[in-house]
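Since the structure comes first, as structure tokens, the remarks are kept for the end.
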Amino acid sequence: MKIVEARVIVTCPGRNFVTLKIVTDDGVTGVGDATLNGRELAVASYLRDHVVPALIGRDPARISDTWEYLYRGAYWRRGPVTMTAIAAVDTALWDIKGKVAGLPVYQLLGGRARDGVTVYGHANAPTVDEVLTEVARYVELGYRAVRVQTGIPGLETTYGVGKDRMFYEPADSAVPSEAVWSTERYLAHVPTVFARIRQEFGPDLKLLHDVHHRLTPIEAARLGKSLEPYALTWMEDPVPAELQEGFRLIRQHTTTPIAVGEVFNSIWDCQTLITEQLIDYIRTTVVHAGGITHLRRIFDLAALHHVRSGSHGATDLSPVCMAAALHLDISIPNFGLQEYMRHTPETDAVFPHGYTFADGYLLPPEEPGLGVDIDEELAAQYPYRPASLPVNRLEDGSMHNW
Ligand code: EZ4
Ligand code: CO
């Protein structure tokens, strides 16, 4: 069997997605997500101009060898653009392998290690009163875990809190928009939100909060400490993670569990945090961390060090990534939680998929392969629209520098 074609499909059914579709001489096809929020066309070019020509004629069954070839063949290792492109190829090859074997991908990864994949939804609203309604809505839908974000009194907008409740999208303008941030206001407000939520919903519901990299280690330590009475499942991205040593300081001060890794793209980004047990959940994803092959390595390293998976699953990760994530999630020993922000009906129509939600769990599709595809005719009706993620300034006008 040989790869005869690989198409890079860019579409915008409400937000931008890049998808790689690999075609073999037997007519078997496989899909991989290649979406990098705000930098979509860089990955599309990387694939079209540099990767696709190297794929033609290769044996699609050689997944590991193709991974190593693309990783080493670039010379310039790692980085989000390279690792997203490699992820797309890797994911598509696993899809093909599953179809050829006649098995869903999770069976090739060792089969089910649990009955369902516990997912968490996003409750976000400008005020505490409104966010209570949002949390209640998720509980009503059957969710067992909810991430809670609110507006901050005195700040006009807050990253993570959208205008639309169920379909939040943070990439809001062609070039990055600017918002104003105050750590003091934020640290004073967040514990009051979780005090209300625990009071209303009791101890059973798993609660999460995303700090979006906006604090210093000592500020994050204080937030973690002040949230301890509300027993969060995790505090996410407390500080930017370029300086991994920063987590040692947070760890000395709080027992609030920590989740990190949505912007990581390789096992090297996670190494210190995992091996020193400075975090509890690793949030790397199929699409941004080198595909199923590399993400499984990260999760195996994590398993040795009492760290569980908690993969990123926002709307900029396409249904192709979500399907791939579920095959991994259901099969690994150290699964923790899977983020699940529902896509719009337009996106769901472009990416027909067989995963299902019931009772707070997602189940991977049962068809051979990943159980997800792209409707290329429909995709062609939604041309690319530039959209970037915002940045923060402090109240005195300086750029928020961490
Ligand atoms: O900022 O997906 O946990 N989820 C998040 C998301 C990310 C976006 C970035 O593309 O933090 O909202
Ligand atoms: Co996040």
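Looking across Ala171, Ala195, one residue alone is within 16 Å of ligand 2 (Cβ to nearest atom) and farther than 16 Å from Leu394 by Cβ. It is Ala171.
Among all residues of the stretch 323-331, there is none that is within 16 Å of ligand 1 (Cβ to nearest atom) and assigned to a loop (DSSP other than H, G, I, E, B).
Here is the figure for the stretch 292-314: residues that are in a loop (DSSP other than H, G, I, E, B), crowded, with 24+ Cβ neighbours inside 10 Å and away from ligand 2 (no atom under 16 Å from the Cβ) total 1. Taking first residues from the stretch 259-288 that are within 18 Å of Gly313 (Cα to Cα) and within 12 Å of ligand 1 (Cβ to nearest atom) and partners that are of a type in the set (Lys, Arg) and in a loop (DSSP other than H, G, I, E, B), the Cβ contacts under 8 Å between residues at least 6 apart in sequence or on separate chains come to Ala259/Arg283; Val260/Arg283; Gly261/Arg283; Glu262/Arg283.
Scanning the stretch 139-154 for residues that are open to solvent by 20 Å² or more (accessible area, probe 1.4 Å), in a loop (DSSP other than H, G, I, E, B) and within 19 Å of Val128 (Cβ to Cβ) yields Pro153, Gly154. When the residues of the stretch 231-249 are filtered to those that are aliphatic (A, V, I, L, M) and modelled with pLDDT of 95 or more, which remaining residue is farthest from ligand 1 (Cβ to nearest atom)? Among them, the one singled out is Leu249. In the set (1) surrounded by fewer than 21 Cβ atoms within 10 Å (Cβ to Cβ); (2) touching a Lys or Arg at 6+ places or on another chain (Cβ under 7 Å); (3) within 23 Å of Thr183 (Cα to Cα), the condition left unmet by Glu242 is number (2).
Out of His209, His213, one residue alone is in contact with an Asp or Glu (Cβ under 6 Å, 6 or more places away or on another chain), within 16 Å of ligand 2 (Cβ to nearest atom) and open to solvent by less than 50 Å² (accessible area, probe 1.4 Å). It is His213.
So, restricting to strands (runs of 3 or more DSSP E) that lie completely within the stretch 1-94, which ones have at least 3 residues that are open to solvent by 30 Å² or more (accessible area, probe 1.4 Å)?
Hits in the stretch 1-94: 3-11.
Out of all the residues in the stretch 165-174, is one or more away from ligand 1 (no atom under 16 Å from the Cβ) and either open to solvent by less than 30 Å² (accessible area, probe 1.4 Å) or within 21 Å of the chain's Cα centre (by Cα) (or both)? Scanning the stretch 165-174 turns up no residue that is away from ligand 1 (no atom under 16 Å from the Cβ) and either open to solvent by less than 30 Å² (accessible area, probe 1.4 Å) or within 21 Å of the chain's Cα centre (by Cα) (or both).
Within the stretch 115-122, is even one residue of a type in the set (Phe, Trp, Tyr), more than 17 Å from Asp33 (Cα to Cα) and within 16 Å of ligand 2 (Cβ to nearest atom)? Yes, some residue in the stretch 115-122 is of a type in the set (Phe, Trp, Tyr), more than 17 Å from Asp33 (Cα to Cα) and within 16 Å of ligand 2 (Cβ to nearest atom). Scanning the stretch 1-36 for residues that are in contact with a strand residue (DSSP E or B) (Cβ under 8 Å, 6 or more places away or on another chain) and of a type in the set (Lys, Arg) returns Lys2, Arg7, Lys21.
Here is a yes/no grid of residues against (1) closer than 25 Å to Asp375 by Cα; (2) touching a strand residue (DSSP E or B) at 6+ places or on another chain (Cβ under 9 Å); (3) within 16 Å of ligand 2 (Cβ to nearest atom); (4) free of Cβ contacts under 8 Å to residues at least 12 places away in the same chain:
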| residue | (1), (2), (3), (4) |
| --- | --- |
| Gly38 | yes, yes, yes, no |
| Leu41 | yes, yes, no, no |
| Val52 | yes, yes, no, no |
| Leu55 | yes, yes, no, no |
| Glu68 | no, no, no, yes |
| Gly73 | no, no, no, no |
| Trp76 | no, no, no, yes |
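All conditions but one from (1) open to solvent by 10 Å² or more (accessible area, probe 1.4 Å); (2) of a type outside the set (A, V, I, L, M, F, W, C); (3) under 28 Å from Leu326 (Cα atoms); (4) away from ligand 2 (no atom under 15 Å from the Cβ) apply to Thr256; the one that does not is (1). Across the stretch 265-280, the number of residues qualifying as open to solvent by less than 20 Å² (accessible area, probe 1.4 Å) and under 22 Å from Thr118 (Cβ atoms) comes to 3.
The values are calculated or read from the model by the stated rules, or taken from the named source; none is laboratory data. Here the structure is a predicted model, which is why all the values come from computation and not from measurement. Quick reminder, even Gly has a Cβ in these numbers, built from the backbone with ideal geometry, and neighbours come from all protein chains shown. Only protein heavy atoms, including side chains, enter the accessible area calculation; ligands, DNA and RNA are left aside. Shrake-Rupley method; radii C 1.70, N 1.55, O 1.52, S 1.80 Å.
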